[in-house]
Amino acid sequence: MVTNVTLRHPITLARVTSSLDVISKGRLILGLGTGDRLSQAELTSYGYSFDSLETRVGRLNETVKILKAAWTGKEFTFKGRHYQISHHANNLKPIQKPNPPIWLGGKHRKIINIIAESGDGWNYWNLKKSESEERIRYLQKRCLALQRPFDKIAISWSGSMHERTLDKEKILTTLLNEVNNETRYLVASFGPRVNSTNYEIFAEAAAQL
C-alpha cells in the first residue's frame, strides 16, 4: 500500500514502477510514505538511519517530483537537498498519462501539504473520524490556495482486520468510527488465514456505510 521512500532511490523507484505500469497495462497506483516509528527497526536493519520528520518529509517531496520527471522519459536534471540527478532519461515510460497516480500515506500536515501540491490521493489510518475530517478540511484549504481541484484527489482508508474478520458488527463499528464521508476507497489487510468468508463479511459491513 505504501512504499517507504527511504528504502529506494527515486530513479530506481521510477524504473520499477514504469515496468509495473506497463506489465499491468496502466493499472498502477503508487503509494508512498515517509515511514514512522514502526518503520525504524526495518530501516536500521538494512543499514539506513531513521531520520527526523523534516528530513523524511523532504525526501518524500523530492521523490514525488523526481518520479514525475522521470516518468516522462525525457532527460532531466534535479538538484535538491536529498537527491541530485544529472541529465537522466528513463528509457521505459509508464502507460498512464500524464503519469500513474501517486497516493501519499500519513497523518502529518506536512505530508498533506505535498498532497495538495502534487499528490493524487491521501491514505489515512488509525484516525478517529473527527481527526480525519479535520485533515480533509485542511487539505481542501490547501488545494484552494494552490488552485488544485480537491475532488480530483482520492481519499482512502486502510486498516487491519486481523482480529475482527468474523464479526461484521465489530467491523462496521470500526468503519463508522474511522471512515469519513469523503473516503472513496477502503484498503483492508487480513491475517494469514484469511478466506473468502472474511472478504464477504468485510464487504457486507462496508456496504452499510
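Based on this model, can you work out whether PHE202 counts as within 30 Å of LYS97 (Cα to Cα), hydrophobic (A, V, I, L, M, F, W, C) and surrounded by 12 or more Cβ atoms within 10 Å (Cβ to Cβ)? Talk me through it step by step, then tell me what you get.
Details: within 30 Å of LYS97 (Cα to Cα): no; hydrophobic (A, V, I, L, M, F, W, C): yes; surrounded by 12 or more Cβ atoms within 10 Å (Cβ to Cβ): yes.
Considered against the rule, which asks whether it is within 30 Å of LYS97 (Cα to Cα), hydrophobic (A, V, I, L, M, F, W, C) and surrounded by 12 or more Cβ atoms within 10 Å (Cβ to Cβ), PHE202 comes out as no.
What tally of residues in the range 157-209 results from selecting those that are part of a loop (DSSP other than H, G, I, E, B) and farther than 15 Å from ASN126 by Cβ?
Step one: of the range 157-209, the residues part of a loop (DSSP other than H, G, I, E, B) are 161-167, 179-184, 190-195, 207-209.
Now drop any that are not farther than 15 Å from ASN126 by Cβ, which leaves 165-167, 181-182, 184, 190-195, 207-209.
Here the count works out to 15.
Which residues, counting only those in the range 172-199, are among the hydrophobic types (A, V, I, L, M, F, W, C) and either loosely packed, with under 14 Cβ neighbours inside 10 Å or within 22 Å of GLN140 (Cα to Cα) (or both)?
So in the range 172-199, the residues among the hydrophobic types (A, V, I, L, M, F, W, C) come out as 172, 175-176, 179, 186-188, 190, 194.
Hits for the range 172-199 are LEU176, VAL179, LEU186.
Could you list, in sequence order, all residues of the range 144-171 that are modelled with pLDDT of 95 or more, crowded, with 18+ Cβ neighbours inside 10 Å and touching a helix residue (DSSP H, G or I) at 6+ places or on another chain (Cβ under 8 Å)?
Those that are modelled with pLDDT of 95 or more, crowded, with 18+ Cβ neighbours inside 10 Å and touching a helix residue (DSSP H, G or I) at 6+ places or on another chain (Cβ under 8 Å): ILE153, ILE155, TRP157.
Taking GLY105 as meeting all but one of (1) closer than 18 Å to ARG8 by Cβ; (2) of a type outside the set (A, V, I, L, M, F, W, C); (3) in contact with a Phe, Trp or Tyr (Cβ under 7 Å, 6 or more places away or on another chain), write down the number of the exception.
The single condition GLY105 does not satisfy is (3).
Scan the range 23-49 residue by residue and report those that are loosely packed, with under 15 Cβ neighbours inside 10 Å and of a type in the set (A, V, I, L, M, F, W, C).
So the first thing to find is which residues in the range 23-49 are loosely packed, with under 15 Cβ neighbours inside 10 Å, and the list is 23-27, 37-38, 40-42, 44-47, 49.
Hits for the range 23-49 are ILE23, LEU38, ALA41.
Contact list please: Cβ distance under 7 Å, first residue in the range 99-116 and surrounded by fewer than 20 Cβ atoms within 10 Å (Cβ to Cβ), second residue modelled with pLDDT under 95, pairs at least six apart or on different chains.
LYS107/LEU127; HIS108/LEU53
Are any residues in the range 1-34 touching a residue at least 12 places away in the same chain (Cβ under 8 Å), more than 19 Å from ILE111 (Cβ to Cβ) and part of a loop (DSSP other than H, G, I, E, B), and if so, which ones?
Listed by number, the residues that qualify are HIS9, LYS25, GLY26, LEU28.
Does any residue in the range 36-50 that is within 15 Å of GLY106 (Cα to Cα) come within less than 9 Å, Cβ to Cβ, of a residue that is in a loop (DSSP other than H, G, I, E, B) six or more places away or on a different chain, and which pairs are these?
Short answer, once both residue conditions are applied: ASP36/GLY106; ASP36/LYS107; ARG37/PHE50; SER39/PHE50.
With the checklist (1) touching a helix residue (DSSP H, G or I) at 6+ places or on another chain (Cβ under 8 Å); (2) closer than 30 Å to ILE201 by Cβ; (3) buried (at least 19 other Cβ atoms within 10 Å of the Cβ); (4) touching a residue at least 24 places away in the same chain (Cβ under 8 Å) in hand, flag the one item ASN123 doesn't pass.
(1)
Which of the residues that make up the range 35-78 are modelled with pLDDT under 95, touching a strand residue (DSSP E or B) at 6+ places or on another chain (Cβ under 7 Å) and either assigned to a loop (DSSP other than H, G, I, E, B) or of a type in the set (A, V, I, L, M, F, W, C) (or both)?
Listed by number, the list holds a single entry, GLY35.
Got a number for residues in the range 143-160 being within 29 Å of TYR199 (Cβ to Cβ) and in contact with a Lys or Arg (Cβ under 9 Å, 6 or more places away or on another chain)?
Of the residues in the range 143-160, 3 are within 29 Å of TYR199 (Cβ to Cβ) and in contact with a Lys or Arg (Cβ under 9 Å, 6 or more places away or on another chain).
The values are calculated or read from the model by the stated rules, or taken from the named source; none is laboratory data. Nothing here was measured: the structure is a model prediction, and the numbers come from that model. With ideal geometry, Cβ positions are generated from the backbone for all residues, glycine too; neighbour counts draw on all protein chains shown.
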